[in-house]
Amino acid sequence: MKIEGLKAYVEKLEVAHYILSKSLHPETTGEGDLTRTQYILMKMLSERDRWTVTELAEVLEVKPSAVTVAVDRLYKKNYVQRYRSEADRRIVYLELSETGSVILKEAEERRLESMENLLSRISRDDLETLITIYDKFGNDTKQHEALTLAP
């Protein structure tokens, strides 16, 4: 299907996406010393008891070395703890430290405030429409991935 004026729509979507992404970026929400990647890693670590670098890299679809660099920085700040598996000493598990949990909670609160400020500018109906549209993109992406990954 050919969309009339597609370029103008794409440009508007890019600007809207940029503004939304920028409002969620740690530097704009006061999270200070956390990069977006570090925030995401800490969020993931908070949702499960333990992870390995390889597991995190697989979920994020990046190389383990990229995760290692980010985790090393979090470790130096005492936001992440490392410990070896009792069964296999080669395996190193990661978990969020108590300090990391506090920092993450503060970052999440600031991020929520930032989103509330942004979303309060539109009506509830518009917000529900926005969510519906995002869901459609998400479902289309999942269907596309399922088709391309099918044997």
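Each value in this text was obtained by applying a stated rule to the coordinates, not by laboratory testing. Please read these numbers as outputs of a predicted model, since none were measured by experiment. A quick note on method: Cβ atoms are made from the backbone with ideal geometry, for glycine too, and the neighbour counts reach across all protein chains shown.
Classification of the chain by its C-alpha gyration tensor yields an oblate form. The axis ratio a/c (a ≥ b ≥ c) is 1.5 or more, and b/c is at least a/b. In this label model, Glu95 and Lys22 are separated by 4.1 nm, measuring between points 7 Å along each Cα→Cβ vector. When only alpha carbons are used to place a centre, the range 57-85 and the range 91-124 end up 19 Å from one another. The residue list Met42, Val62, Ser101 was ranked by how far each Cα lies along the charge dipole of the range 6-120 toward its positive end, using unit charges on Cβ atoms, and Val62 comes out on top.
Taking label positions 7 Å along the Cα-Cβ direction at both Asp125 and Arg110, the computed distance is 3.7 nm, reported to one decimal. Axis of helix 124-149 versus longest Cα principal axis of the chain: the two differ by about 70°, to the nearest ten degrees.
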